[in-house]
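Written out below as structure tokens is the structure these notes cover.
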Amino acid sequence: MRTLVTGGTGFLGSHLVERLLAQGHEVRALARKTSNITHLKTTGAEIIFGDVEDYDSLLPAVNGVDVVYHAAARVTPGWGAWKWFESSIIKGTDNMLRACVETGVPRFLHVSTGSVHGKLCEGDTPVCESTPCDVAFCRDAYYDFAKLRAEEVAFEYHKKGKIQVSMIRIAAVYGPRDRLLADRVYRQVSLPLIMWPGRSNPKYSIVYATDAADFAILAATSERAIGEVYNVAPPDAIPLRKFAASMVKAMGGPRVQVTMPYSVAYVWCALMEEWSRMRHVKDMPYLTRSGLQFVNKGIYLDGAKARDELGWQPKVSLDEGTTLYVQWRHSQKKK
């Protein structure tokens, strides 16, 4: 099958490229000319340069493709101007779909996030695909709000019969090349003293990157999944500190852990953000108020639909996944 992966230089996109190739598919990977393609070149995928924000650059990329896996997005929650998220996520998704329709691509897999449910996914009860999506338009939720609007764009194309769309919502994914969850936790637990902001220990539906990529392929190639949305989540959520403990175990040693007042951590993150803005830094700081809120609220999704309808089961256990991640981090230090 001829496939195109957008966001091929990103986290999930790069794993999609690898898993598609491993399953024998022909793979094109869309990359911006300014992107780091070092890893992508090692995969053997055909690299085609383009930008989801530039419609004309997409037509050669999608021409002759059977399935598009749309994973490209600006993934900097709580950091950046609204226009950046609007252009990358909403306009970018519309551009991809329009290009697919023009060139006759039959299937489109849209990668979204469970955080489109807003505060409803932060409690002790998992949310399913039919749970209302309610995201407030504010700086901390620009990413989530844009992803929800992109979902609406994608399903509008499907409802009008222009292209067959399937959608997945991922909760918390981790693995090699992760720049968010695993990266933050690894850097935190690498210190001799682990500082926890507040006493909260929320539940997370955490899935390893290869398991998430495998389900994306399953959803994109299944007739049953046409017009459907699926949560990508394991049967059981885990507390964040259990994830951190597994990471510490993989690193080979215990750590001293203390708790600081949440208000102190919040002020510190605000100062870090302001310092970055004063220096006109575009990259998201290591510490942000949005990131702090994320580790104190969690994200809990019900993945039963994916298991019941498509037979998906995650294969990588928590301890195995954190071990693989730590091994990858150590290998990067040797380069």
Chymotrypsin sites (Phe, Trp or Tyr not before Pro) restricted to region 188-260 and DSSP loop, no more than 11 other C-beta within 10 Å: none
Positive minus negative residues near V105 (Lys, Arg vs Asp, Glu; Cβ under 12 Å): +3
Those trypsin sites (Lys or Arg not before Pro) in region 288-327 that DSSP places in a loop and that have at most 11 other beta carbons within 10 Å: K315
Links that overshoot a 23 Å alpha carbon limit, given the list K147/K315; K162/K305; K83/K147; K41/K315: K147/K315; K162/K305; K41/K315
Sequence-distant residues sharing a close amide H with Q257 (under 5 Å, placed H): I194
Whole-number percent relative contact order across the chain, with pairs defined as alpha carbons under 8 Å at least 6 apart: 18
Principal-axis tilt of helix 11-22 within the chain, Cα atoms, nearest 10 degrees: 50
For G44, net neighbour charge (Lys/Arg +1, Asp/Glu -1) across residues whose Cβ lies under 12 Å away: -1
Dipole magnitude (debye, nearest 20) for the chain, charges at Cβ of Lys, Arg, Asp, Glu: 1140
Using θ = phi - 60° and Karplus 6.51 cos²θ - 1.76 cosθ + 1.60, couplings along region 262-270 (whole Hz; Gly, Pro as x): 4, 4, 5, 4, 5, 5, 4, 5, 4
Extreme residue, positive dipole direction of the chain, given options M260, Q164, A29 (C-beta unit charges): M260
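Please get the size of the charge dipole for region 104-247, origin at its Cα centre, with Cβ charges of +1 on Lys and Arg and -1 on Asp and Glu, quoted in debye to the nearest 20.
Once rounded to the nearest 20, the dipole reads 340 debye.
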Amide H contacts under 5 Å for V27, placed H, 5+ residues apart: T3, E46
Region 59-158: relative contact order as a whole-number percent, Cα under 8 Å and 6+ apart: 37
Fewest-first sequence of Y69, Y157, Y143 by Cβ atoms within 10 Å of each Cβ: Y157, Y143, Y69
Convex hull volume per residue in cubic angstrom - Cα atoms of region 205-250: 72
Prolate/oblate/rounded label for region 182-264 (Cα gyration tensor, a/c 1.5): prolate
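No value in this document is a laboratory result; all are computed from the given coordinates. Everything quoted here is computed from the prediction, not taken from an experiment. Cβ: placed from backbone, ideal geometry, glycine included. Neighbour counts: every protein chain shown.
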